Structure formats: C-alpha cells, structure tokens
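Okay, so here's the structure we're looking at.
The values are calculated or read from the model by the stated rules, or taken from the named source; none is laboratory data. Everything quoted here is computed from the prediction, not taken from an experiment. Reconstructed Cβ throughout: ideal geometry from the backbone, glycine too, with neighbour counts over all protein chains shown.
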Amino acid sequence: MKKQRTQRGLARRRGGFSLIETLFYVALLSFALLIVSQTVLMMLRSAERLRASAHLAQDAGASLARLTREIRGATSITDATSVWSANPGALALQTTDVGGAAKTVAFKVLNGALYLFENNLSSGALTGSSTVLTNFVFRKIPTTESTGVKIEMTLRSTVGAASSTESFYSTVVLRAH
C-alpha cells in the first residue's frame, strides 16, 4: 500500500510544473531576455558611435592632408576669391601642375561638405556623406619671409542615432613663396 502511494505521488509529480513554478520560470526567462536585449542595444549604440568617430577622423585626416599639400605647394594665394576670418571660409591658391603649367586650386564649402576645385572645375567632395562641416575658417598669416594659413575646421559625423563632433586646427606655410 505504501509502495502504491509513493508511485502515485511520483506519477503526479512527473506530470508537469505547478502554476507557481511556471510563473517563476517565465519571469526568470523574461528578466534574462531583458538583460540580453539591453546588452545588444548598448553594443549597437557603441558600434554606431565608433563608426561616427571613425568617419570623422577619416574625413578630417583626408581634408587636412589635401589642404596642407596644396597650400605648401602653392605659389601664391588669390585674396580676391578667398574668404578670410569668416564661416564658411574659402581659399583660392595659384599653383602649378605636374607638368609645370599654372593652375588654380580652391577649397569651398557647399551644402556642409568640403569641395576641391581645380581650374574652376569640381574635383569632388573631400568629406563623406555622413560628415557635415559646421565651421570652416581660414586666417591669413603674412610675414616678411613667407605667408601662412591657419585652418579651423569643425566636423560632425552622424551614423544612425549616434553623432560625433570635433574641431581640428592646422597652420601651413607656403613653401614656394
């Protein structure tokens, strides 16, 4: 008789979970899923911020490198078409091409992007589509020996919901002056 009761108790116990046990496991699973989903969202936001910072650094580096190279190689600055100490600034340079022929190089801001113009023809944007130039100022530094140009540039890059803004500064002296 005692053996039958024990077997009936085991049979009833093996039949499934009680309502309280089920609710406890559902709550535990929901909590675990909430933690996992929050972690995934944080990782996605971090990845967007990282991509925005990478775009910003890449566009700033490429823009400043091209500005520096063109200013150093220029023979003179065209003041009439340059915009000094104002945002957005513009810079027009007289220089020569590889063959030694005279050419003009200009840097201008159009719709928040930095563009390079060679002989009044656009060579394309120096900044990417996710980067906006929010401040771009040139300051002329004349000396008795040479001429320098101070560049102030603030870029904002947006990827998804993440945005990164940073300012960059450089001073370049014309070598061919």
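Mind checking which residues of region 113-127 are surrounded by 14 or more Cβ atoms within 10 Å (Cβ to Cβ) and out of contact with any Lys or Arg (no Cβ under 9 Å at 6 or more places or on another chain)?
Once the filter is applied, which keeps residues that are surrounded by 14 or more Cβ atoms within 10 Å (Cβ to Cβ) and out of contact with any Lys or Arg (no Cβ under 9 Å at 6 or more places or on another chain), region 113-127 yields ALA113, ALA125, THR127.
Which residue, of THR158, THR154, is farther than 15 Å from ARG66 by Cα, free of Cβ contacts under 8 Å to residues at least 24 places away in the same chain and surrounded by 15 or more Cβ atoms within 10 Å (Cβ to Cβ)?
That would be THR154, the only listed residue that is farther than 15 Å from ARG66 by Cα, free of Cβ contacts under 8 Å to residues at least 24 places away in the same chain and surrounded by 15 or more Cβ atoms within 10 Å (Cβ to Cβ).
Which members of region 86-99 meet the condition of being without any contact (Cβ under 8 Å) to a residue 12 or more places away in the chain and surrounded by 11 or more Cβ atoms within 10 Å (Cβ to Cβ)?
Hit for region 86-99 is ASP97, nothing else.
If I filter region 163-173 for residues that are at pLDDT 90 or above, over 30 Å from LEU44 (Cα atoms), surrounded by 13 or more Cβ atoms within 10 Å (Cβ to Cβ) and among the hydrophobic types (A, V, I, L, M, F, W, C), do I get at least one hit?
Yes, that holds for at least one residue.
Considering region 51-81 alone, what residues qualify as being surrounded by 18 or more Cβ atoms within 10 Å (Cβ to Cβ) and part of a loop (DSSP other than H, G, I, E, B)?
Once the filter is applied, which keeps residues that are surrounded by 18 or more Cβ atoms within 10 Å (Cβ to Cβ) and part of a loop (DSSP other than H, G, I, E, B), region 51-81 yields only ALA74.
Enumerate the pairs (first residue in region 100-111 and among the charged types (D, E, K, R); second residue anywhere and exposed (fewer than 12 other Cβ atoms within 10 Å of the Cβ)) with beta-carbon separation below 6 Å, excluding pairs fewer than 6 apart on the same chain, so at least 6 apart or on different chains.
Close Cβ pairs (under 6 Å, with a partner that is exposed (fewer than 12 other Cβ atoms within 10 Å of the Cβ)) amount to LYS103/ASP97.
Which of (1) farther than 25 Å from GLU166 by Cβ; (2) part of a loop (DSSP other than H, G, I, E, B) does ALA86 not meet, given it meets every other one?
Going through the list (1) farther than 25 Å from GLU166 by Cβ; (2) part of a loop (DSSP other than H, G, I, E, B), ALA86 breaks only (1).
Residues that are surrounded by 15 or more Cβ atoms within 10 Å (Cβ to Cβ), farther than 21 Å from GLY61 by Cβ, touching a residue at least 60 places away in the same chain (Cβ under 8 Å) and touching a Ser or Thr at 6+ places or on another chain (Cβ under 9 Å): does region 131-149 have at least one?
Yes: region 131-149 contains one or more residues that are surrounded by 15 or more Cβ atoms within 10 Å (Cβ to Cβ), farther than 21 Å from GLY61 by Cβ, touching a residue at least 60 places away in the same chain (Cβ under 8 Å) and touching a Ser or Thr at 6+ places or on another chain (Cβ under 9 Å).
Suppose the filter is of a type in the set (S, T, N, Q), in contact (Cβ under 8 Å) with a residue 60 or more places away in the chain and over 23 Å from THR81 (Cα atoms); does SER167 pass it?
Judged against the criteria, SER167 is not a match.
If only one of ALA92, ALA60, ALA86 is touching a strand residue (DSSP E or B) at 6+ places or on another chain (Cβ under 6 Å) and under 20 Å from PRO142 (Cα atoms), which one is it?
On inspection, the qualifying residue turns out to be ALA92.
So GLN4 fits all but one of (1) at pLDDT 90 or above; (2) assigned to a helix (DSSP H, G or I); (3) loosely packed, with under 10 Cβ neighbours inside 10 Å; what number is the exception?
If we test GLN4 against (1) at pLDDT 90 or above; (2) assigned to a helix (DSSP H, G or I); (3) loosely packed, with under 10 Cβ neighbours inside 10 Å, just (1) comes out false.
Here are SER53, SER18, SER63: which of them is at pLDDT below 90, closer than 30 Å to TYR169 by Cβ and not acidic (Asp, Glu)?
Just one listed residue meets the conditions, SER53.
Which condition breaks for ARG156 when tested against (1) modelled with pLDDT under 95; (2) closer than 22 Å to LEU93 by Cα?
(2)
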